[in-house]
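*Asks:* Pasting in a structure now, in structure tokens, and then I'll have a few things to ask.
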Amino acid sequence: MHTVKATTDTKQEILELLLKHSELNAQSLADLLQITPQAIRRHLNELESEGLVSYTSAVAGMGRPQHIYRLTKKGRDRFPVGYDQFTVSFLGTLAESLGKEQLQQVLAKQWQKKAETYRQQIGSGSLAEKIHRLAELRQAEGYITDWYAVEGTEDFIYTEYNCAIASVAESFPAVCSHELEMFSTIFAKAVERTHWLVNGEHRCGYLIKSG
């Protein structure tokens with residue numbers, strides 16, 4: 001799996017791992033970060049006191065209950081979203097003024113322009129190289145991303161764990177369709193959505209087909 005990391009701060013790394021995996025216990029976090037469980041628990045206690053993580057207890061076999069940690073809403077909000085309620089209100093006003101059909105045409109043109117910008121920035125190369133460069137570009141915009149090859153195929157899964165247009169997508173879900181079209185345009189390949197934050201999942205996933 002190829003991950004573009006934004007920081008080496010341990011607490012930030014814990015937040016990013018919880019964002020990616022949805023929920024983890026202290027031992028799993030320690031294994032992933034290669035530090036002691038005691039150090040992880042100290043960081044988790046600090047994050048909990050800040051209101052960024054919460055936990056539930058789960059019994060595994062005959063052992064002691066384990067704390068399963070996940071991000072709170074405040075924790076998820078630590079990751080850039082890029083748009084605020086003004087944007088949602090602005091699009092709502094446009095919809096009232098132009099009508100929903102014309103608004104969709106405006107949004108489609110905007111996403112097409114964005115796709116062309118990405119294509120120019122990504123340049124040429126193999127599909128894997130292009131996906132890697134897209135991941136870097138999206139990371140620079142505030143996304144937490146990773147990607148990997150689908151075993152036994154020449155296809156790839158590209159994942160984003162936070163949404164820079166979250167508030168817009170909640171009010172105007174159609175923008176996600178335009179984003180999907182944008183990825184297809186960037187790679188000139190068929191792209192399918194495998195996971196969707198709007199549906200309550202903890203990530204947006206895309207299958208990028210080589211053929």
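The values are calculated or read from the model by the stated rules, or taken from the named source; none is laboratory data. Keep in mind that what you see is a predicted model, and the values were worked out from it rather than measured. Neighbour counts are summed over all protein chains in view; Cβ atoms, including those assigned to glycine, are modelled from backbone coordinates with ideal geometry. Quick note on the areas: whole protein, heavy atoms, side chains included, nothing else; ligands and nucleic acids left out. Shrake-Rupley method; radii C 1.70, N 1.55, O 1.52, S 1.80 Å.
*Asks:* Could you say whether any residue in the range 96-116 is at pLDDT below 95, surrounded by 13 or more Cβ atoms within 10 Å (Cβ to Cβ), within 20 Å of Leu180 (Cβ to Cβ) and among the basic types (Lys, Arg)?
*Replies:* yes
*Asks:* I need the helices (runs of 4 or more DSSP H) fully contained in the range 121-211, keeping only those with at least 3 residues that are free of Cβ contacts under 8 Å to residues at least 40 places away in the same chain. Steps first, please.
*Replies:* Values: elements: 127-140, 166-171, 174-187.
Ranges flagged: 127-140, 174-187.
*Asks:* Which numbered condition trips up Gly211, out of (1) modelled with pLDDT of 95 or more; (2) exposed (fewer than 14 other Cβ atoms within 10 Å of the Cβ)?
*Replies:* (1)
*Asks:* Let me ask you something else. I'd like the full set of residues that are open to solvent by 90 Å² or more (accessible area, probe 1.4 Å) and in contact with a helix residue (DSSP H, G or I) (Cβ under 6 Å, 6 or more places away or on another chain), limited to the range 124-135.
*Replies:* Let us first name the residues in the range 124-135 that are open to solvent by 90 Å² or more (accessible area, probe 1.4 Å), namely 124, 129.
Those that are open to solvent by 90 Å² or more (accessible area, probe 1.4 Å) and in contact with a helix residue (DSSP H, G or I) (Cβ under 6 Å, 6 or more places away or on another chain): none in the range 124-135.
*Asks:* Mind checking whether some residue in the range 44-67 is modelled with pLDDT under 90, open to solvent by less than 80 Å² (accessible area, probe 1.4 Å) and in a helix (DSSP H, G or I)?
*Replies:* no
*Asks:* Pick out the one residue from Gln121, Gln139 that is surrounded by fewer than 17 Cβ atoms within 10 Å (Cβ to Cβ) and polar (S, T, N, Q). Working first, answer last.
*Replies:* Values: Gln139 fails: surrounded by fewer than 17 Cβ atoms within 10 Å (Cβ to Cβ).
None of the others qualify; the one that does is Gln121.
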